[in-house]
Amino acid sequence: MNNSVGNTARLIGAGLRALLVLTVICGIIYPLAITGVAQALFNDKANGSEITSEGKVVGSELIGQTYNLPLKKGEETPAPDLRWFQPRPSNGLGSNSVNTQYKLILSGATNRSADNAELIQWVTDAKKAVVVDNKTKDYAVKPSEVPAEAVTSSGSGLDPQISPEYARLQVHRVAEKNHLNVQQVEKLVKDNTEGRTLGFMGEPRVNVLELNIALKALAKS
């Protein structure tokens, strides 16, 4: 009986010592070491890939934002502020933080199939809106020119980037609304276009927040 109690006590003691050692190693030493390496080698990414404008953090380069007008009485969704380049459609994006406080709402896809009647109507309405919104006195968009990401959200609903094609489609409207030369705005798009990762992965893309920050600076100059 005494031997049984002694053995049990030794096992419990060994288990508690192992728990203490593993807690210190895995719960304190390892996290601190990883945090230190991340801060030393990847400081920007470790802190959320923050984007600053005029000395203030206005968002992350990893999460998209919307650029809308204030919600009017009777509206269920706000109208886009056409002075700015617009991102992919999504109900999950936060508010425009170039001018207002950034706030994340949610993340997720619609999970509707390609033949879903509601999704088809959304895409159809979105394409019509892109054509109408980007029409100027000397420029018109053909429905066939509207890229897929202009009318569909990403899987996460938080995609911060659009294709250079969609950005260029918006150039004339943005130039007109901001009283800028079309060539100036085209150069902004070109300067803010990222190539494929390592030259072969992914597609060329434009971060909408960074592009709009550059647009804001140009409009002020």
Across segment 50-61, the tally of residues that are in contact (Cβ under 8 Å) with a residue 60 or more places away in the chain and among the polar types (S, T, N, Q) stands at 2
Boolean, A140 is surrounded by fewer than 14 Cβ atoms within 10 Å (Cβ to Cβ), closer than 13 Å to R88 by Cβ and either within 18 Å of the chain's Cα centre (by Cα) or assigned by TED's automatic domain parsing to the domain that holds E61 (or both): no
All positions within segment 159-174 that are outside any helix (DSSP H, G or I) and free of Cβ contacts under 8 Å to residues at least 60 places away in the same chain: S163
Can you find a residue in segment 119-133 that is touching a residue at least 24 places away in the same chain (Cβ under 8 Å) and either touching a Cys at 6+ places or on another chain (Cβ under 7 Å) or among the polar types (S, T, N, Q) (or both)? no
Test S156 against the stated conditions and say whether it is under 16 Å from the mean Cα position of the chain (by Cα), farther than 28 Å from E54 by Cα and touching a residue at least 40 places away in the same chain (Cβ under 8 Å). yes
What are the residues in segment 175-221 that are outside any strand (DSSP E or B), polar (S, T, N, Q) and either in contact with a helix residue (DSSP H, G or I) (Cβ under 9 Å, 6 or more places away or on another chain) or in contact (Cβ under 8 Å) with a residue 24 or more places away in the chain (or both), if any? N178, N181, Q183, Q184, N192, N212
Selection from segment 17-53 of residues that are loosely packed, with under 13 Cβ neighbours inside 10 Å and either closer than 24 Å to R205 by Cα or touching a Pro at 6+ places or on another chain (Cβ under 6 Å) (or both): F42, N43, D44, K45, N47, T52
Among the residues of segment 29-49, is there at least one that is touching a residue at least 40 places away in the same chain (Cβ under 8 Å) and touching a strand residue (DSSP E or B) at 6+ places or on another chain (Cβ under 6 Å)? no
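The values are calculated or read from the model by the stated rules, or taken from the named source; none is laboratory data. Only a predicted model underlies this, so the values are computations on that prediction, with no experimental measurement involved. Cβ sites come from the backbone with ideal geometry, for glycine too, and all protein chains shown count toward neighbours.
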